[in-house]
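Peer 1: Following this message is one structure expressed as structure tokens.
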Amino acid sequence: MHGPEEPGAGQAPAPDQGLRRSLRTRHLNMIAIGGAIGTGLFVASGATISQAGPGGALAAYCLVGLMVWLIMQSLGEMAAYLPVAGSFGEYGTRFVSPSFGFAIGWNYWFNWAITVAAELVAAALVMKYWFPEVPAIVWSGLFLLVLFSINVLSTRAYGESEFWFAAIKVTAVIVFLALGVAMITGVIGQAPGTVNWTRGEAPFVGGGTGVLIVLLLAGYSFQGTELIGTAAGEAENPETTIPRAVRTIFWRILLFYVGAIAVIGFLIPYTDPNLLNSSEENVSISPFTLIFDKAGVLAAASIMNAVILTSVLSAGTSGLYSSTRMLFALAERGHAPRFLTRLSRHQVPMNALVATTLVGLAGFLTSLVGDGRAYELLLTVSALAGFITWAGISWCHWRFRAALRAQGRDLSTLPYRARFFPAGAVVALVACTAIIVGQAYDPLASGAPVGEVLMSYVGVPFFFALWWGHKLVTRAPGVDPATADLGRS
């Protein structure tokens, strides 16, 4: 353990075991945007309006947005104080227990490694729009090579690629919002008024139940904002860049989501079957494509297909980056084989990158074997991993503050302080838990077999098996806040 001396507010943490701090504020901002703005916005937003109506979808995104903001507050406080590779995995080890840190680290690594496989499948689907005759495995193999190449070059190369990937998405959303407002106000075409907000059961289709049903979809859409935490170990001047990113990035993301849902709600009735049927396999009925078409944008489907492809590559690049850093951090703590800590001459965790790439490739190949059941199982296991991570961040923050209090540390020494603690951490933790539990409501109400419903929760026992299995083998005790490691070097 480190000594009890209190670090000054301006003291910069030591570099994290050779990782190069080369990510600037603009990189961190776009990494978070790139992680959160993707197919959840461009494609799945239509399904949320179809199921809950425009008002219900808007309420769901606002509620989840509030929860994510609270989680980002917690993460920002810890990451600015302790910017290390592995982020919340390290916080779990230091402030909760080594077993909890082990479980949340491996849970997050697995989630993003499987996400890489999912993005390879999605990229092949997107490319079928232009090249239907080319086998999917050709595109997936090519894109995996691109993702690996970007990550192997340097951390700065990843930051720059993500900056430009995200910039394309942000531009598409801004153009969409501008055209949408012009159509709503009658500058382009005839103003629709509020007819689509009062049609049928709108604005709240299914009442509170409709909102509950789409909360999970909204939650998936926001996942990726926590990438700031895994990038913190390679951020320049983390005491200033991380708080700046946390203060600005969330509101931009919320504006994009809430603005897009509002525009779609005004211009497309929730009863339009295209909203429910939009998918990566048929980008021509994405709500964004439909509205671009209405605005008279030529080749709207091809433009949106290109934007969605950018989103897929962005998510894949970020997934490979974050899972590699988490695996590297696990190896540093002795929670994974030590050979995974090897760095390249560009300070990239090379062995961890290769191992994660191979796992992503293996995950993709399972989608081609038989009827793809093995791949579906992998996706099912990882489905709730993001919510488990968010709940873990809130719990780590609670324990972090307990350690500061027990050791007499003054909160004024924190580079960034989370708002609304302790209520914020408690609300976020309860909300994450409620969304995880609540996802069973819709399938049970619609008569789905109990076994199928339970199968969707397989990621939860997977997480607890990691946690309790590690505890059973190591007998590692929980961390006493009075002796928790608050050292920053």
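The values are calculated or read from the model by the stated rules, or taken from the named source; none is laboratory data. Nothing here was measured: the structure is a model prediction, and the numbers come from that model. No Cβ is skipped: glycine too gets one built from the backbone with ideal geometry, and neighbour counts run over all protein chains shown. These area figures cover heavy atoms from the full protein model, side chains too; ligands, DNA and RNA do not enter into them. Shrake-Rupley method; radii C 1.70, N 1.55, O 1.52, S 1.80 Å.
Peer 1: What is the range 125-232 by shape, rounded, prolate or oblate, if you read a ≥ b ≥ c off the alpha carbon gyration tensor as root eigenvalues and call it rounded for a/c under 1.5, prolate for a/b larger than b/c, and oblate otherwise? Please list the in-between numbers first.
Peer 2: Values: a/c = 1.92, a/b = 1.77, b/c = 1.09.
Prolate shape, in that a/c is at least 1.5 and a/b is the bigger ratio.
Peer 1: Read phi for every residue in the range 287-292 and hand back ³J(HN,Hα) as whole Hz from Karplus 6.51 cos²θ - 1.76 cosθ + 1.60, θ = phi - 60°, with x for Gly and Pro.
Peer 2: With coefficients 6.51, -1.76 and 1.60, one gets x, 5, 5, 4, 6, 4 Hz.
Peer 1: Taking the Cα centre of the range 201-253 as origin, sum charge times position over the Cβ atoms of Lys and Arg (+1) and Asp and Glu (-1), and report the length of that vector in debye to the nearest 20.
Peer 2: On the way: 3 positive and 5 negative charges, 33 e Å.
So the magnitude is around 160 debye.
Peer 1: Hey, what's the Kirkwood Rh for the range 210-362 if you take every pair of different alpha carbons, in angstrom?
Peer 2: 18.7 Å
Peer 1: By how many degrees, between 0 and 90 and to the nearest 10, does the Cα long axis of helix 25-36 differ from the longest principal axis of the chain?
Peer 2: Roughly 60 degrees between the two axes.
Peer 1: A further question on this structure: Which one of 30, 56, 139 is farthest out on the positive end of the charge dipole of the chain, using unit charges on Cβ (Lys, Arg +1; Asp, Glu -1) and the Cα centre as origin?
Peer 2: 30
Peer 1: Sort the following peptides by mean Cβ neighbour count (other Cβ atoms within 10 Å, averaged over residues), highest first: 318-325, 235-242.
Peer 2: Values: 318-325: 28.2, 235-242: 20.9.
Highest-to-lowest ranking by the protection proxy: 318-325, 235-242.
Peer 1: So if I take the centroid of the Cα atoms in the range 93-141 and the same for the range 56-86, what is the distance between those two points in Å?
Peer 2: Measuring centre to centre over Cα atoms gives 22 Å.
Peer 1: Could you list, bin by bin from short to long, the percent of Cα-Cα pairs of the range 398-442 in 10 Å steps?
Peer 2: Pair shares across the bins are 23, 39, 23, 12, 4.
Peer 1: Can you give the angle from 0 to 90° between the axis of helix 98-128 and the longest principal axis of the chain, with both taken from C-alpha atoms, to the nearest 10?
Peer 2: 30 degrees
Peer 1: Residues of the chain: accessible area per residue at 1.4 Å, in Å²? Could you put the intermediate results ahead of the total?
Peer 2: Values: 18610 Å² over 489 residues.
On a per-residue basis, the chain sits at 38 Å².
Peer 1: In whole angstrom, how long is each semi-axis of the equivalent ellipsoid of the range 179-291, when you take the square root of 5 times every eigenvalue of its Cα gyration tensor and sort them from largest down?
Peer 2: Details: eigenvalues 220, 63, 42 Å².
Equivalent-ellipsoid dimensions as semi-axes: 33, 18, 14 Å.
Peer 1: How far, in nm, would the chain grow between residue 198 and residue 407 when pulled straight, counting 0.36 nm per residue and subtracting the alpha carbon separation? Kindly include the intermediate steps, with their values, before the conclusion.
Peer 2: Working: separation 209, 0.36 × 209 = 75.24 nm, distance 5.68 nm.
Net length gain for the segment: 69.6 nm.
Peer 1: Expressed as an acute angle from 0 to 90° and rounded to the nearest 10, what is the orientation of the C-alpha long axis of helix 155-184 relative to the principal long axis of the chain?
Peer 2: In the chain, helix 155-184 runs at an angle near 30 degrees to the longest axis.
Peer 1: Same structure again: How long are the semi-axes of the equivalent ellipsoid of the range 360-489, defined as square roots of 5 times the Cα gyration tensor eigenvalues? Whole Å, largest first.
Peer 2: Working: eigenvalues 262, 76, 41 Å².
In descending order the semi-axes read 36, 19, 14 Å.
Peer 1: Given the chain, what whole percent of its Cα pairs are spread farther than 31 Å?
Peer 2: On the way: 50370 of 119316 pairs.
Cα-Cα pairs of the chain separated by over 31 Å account for 42 percent.
Peer 1: Figure the gain on full extension for residue 456 and residue 482 (residue separation times 0.36 nm, minus the Cα-Cα span) and round it to one decimal in nm.
Peer 2: Contour length minus Cα-Cα distance gives 5.5 nm.
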